[in-house]
Amino acid sequence: MTSTCLYSALPNYPTRPYLNNMSPWIVLAAALLIAALLLYRWYARAQKRKALLATPLTPQQRVVVERLVPLVRRLPQNLRLTLEGKMNRFLDQVTFHGQNGLEVGEETRLSIAAQACLLIVNSPVWYDTLRNVLIYPSAFLTHRGTHDGHLIHENNHATLGESWARGPVILSWDDALHGGLDATDGHNVVIHEFAHQLDGLSGHTNGIPILRKGQAYAGWETAMLDAYHDHVERLERGEHTLIDPYGATNHEEFFAEAIVTFFERPAALRREEPALYAQLAELLALDPAAWG
């Protein structure tokens, strides 16, 4: 007499069909749970950003910013409050890394954040991909290769700042500090490098940023190219230019230097290049020539 295995004797045991019938519901429940977690994460981040944007600087921080970046004193009061909120969001998002032994303190972070956020104080755009700012004590060496026919020459160049697509931004603190302290000399490495970040939000750093809603590309192109060519021709004739000569390098550098001039010498830019000034004012929704 042979014995029979219980499970082989019951080929239609219901466990396997039952699980097969339930598996789609398990998958659906898991997907819904993941979606809910992602939605909650997005909501929490949005609420945090909203709270940061509504948070003013402390009185002590405000004193530091006004001392290190006197340009902010000229902002209308409503924009000053907006700037402070955007600075808080910027400082929450970005990590500062001191290089060559530099210790990054609160004054450094506040100075750079204030200058960077001036460009977007009245704009809906944001430095979405930027997470890191590297800061050297002073001008730093960058390794560059230049082509000469089939030869490549390797050279070291002293650099005040660099801006990379999607970050990081690299700055000389000595130059960032002095650029912020003098609001009228037409030189500001922080504004320059963050103008490149603004330019790059379109996906290409080429002097054509994401234009304001309703801002016509044709008008932007005409104003920028006319001003750029005029700038280059003046330099070729040996004439003085309002916009820094470095702007003649190419269209993206001209855009960055034009932004610096827009903030630091607005009345002169409006007088000498009215069409360019009008386009920048529309892009940034700012009119610094009218500030007190």
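The numbers here are math on the coordinates, done by the rules we state, and not lab data. Just so it is clear, the structure is predicted and the values come from calculations on it, not from any experiment. Cβ: placed from backbone, ideal geometry, glycine included. Neighbour counts: every protein chain shown.
For the chain, what ratio Rg/Rh do Cα atoms give with a Kirkwood hydrodynamic radius?
Working: Rg = 27.3 Å, Rh = 22.1 Å.
Taking Rh as the inverse mean 1/r over Cα pairs, Rg/Rh reads 1.23.
To test your reading of the geometry: what angle, between 0 and 90 degrees and rounded to tens, separates the Cα axis of helix 251-264 from the longest principal axis of the chain?
Rounded to the nearest ten degrees, it is 70.
Exposed loop sites here are trypsin sites (Lys or Arg not before Pro) in DSSP loop states with at most 12 other C-beta atoms within 10 Å. What is the longest stretch of the chain lacking them?
On the way: sites that count: ARG131, ARG166, LYS213, ARG237.
Free of exposed loop sites, the longest segment is 1-130.
Which listed residue (PHE96, HIS187, LEU242) has the Cα farthest towards the positive end of the charge dipole for the chain, taking +1 on Lys and Arg C-beta and -1 on Asp and Glu C-beta about the Cα centre?
Farthest towards the positive end: PHE96.
Over what distance in Å are the Cα centres of the range 163-197 and the range 32-92 separated?
Measuring centre to centre over Cα atoms gives 20 Å.
With +1 assigned to the C-beta of every Lys and Arg and -1 to the C-beta of every Asp and Glu, and no other charges, what is the dipole magnitude of the chain about the Cα centre in debye, to the nearest 20? The partial results should precede the final answer.
Details: 24 positive and 31 negative charges, 409 e Å.
Dipole magnitude for the chain comes out near 1960 debye.
If I histogram all Cα-Cα distances within the range 155-292 using bins 5 Å wide from 0, what percent of pairs lands in each bin?
2, 10, 19, 24, 22, 15, 6, 2, 0, 0
Going through the range 66-140, which GluC sites (Glu not before Pro) have at most 12 other Cβ atoms within 10 Å and a DSSP loop state? Provide the component values of the computation, followed by the final result.
Details: sites: GLU66, GLU84, GLU103, GLU106, GLU107; in loops: GLU103.
Within the range 66-140, the qualifying GluC sites (Glu not before Pro) (loop, at most 12 other Cβ atoms within 10 Å) are GLU103.
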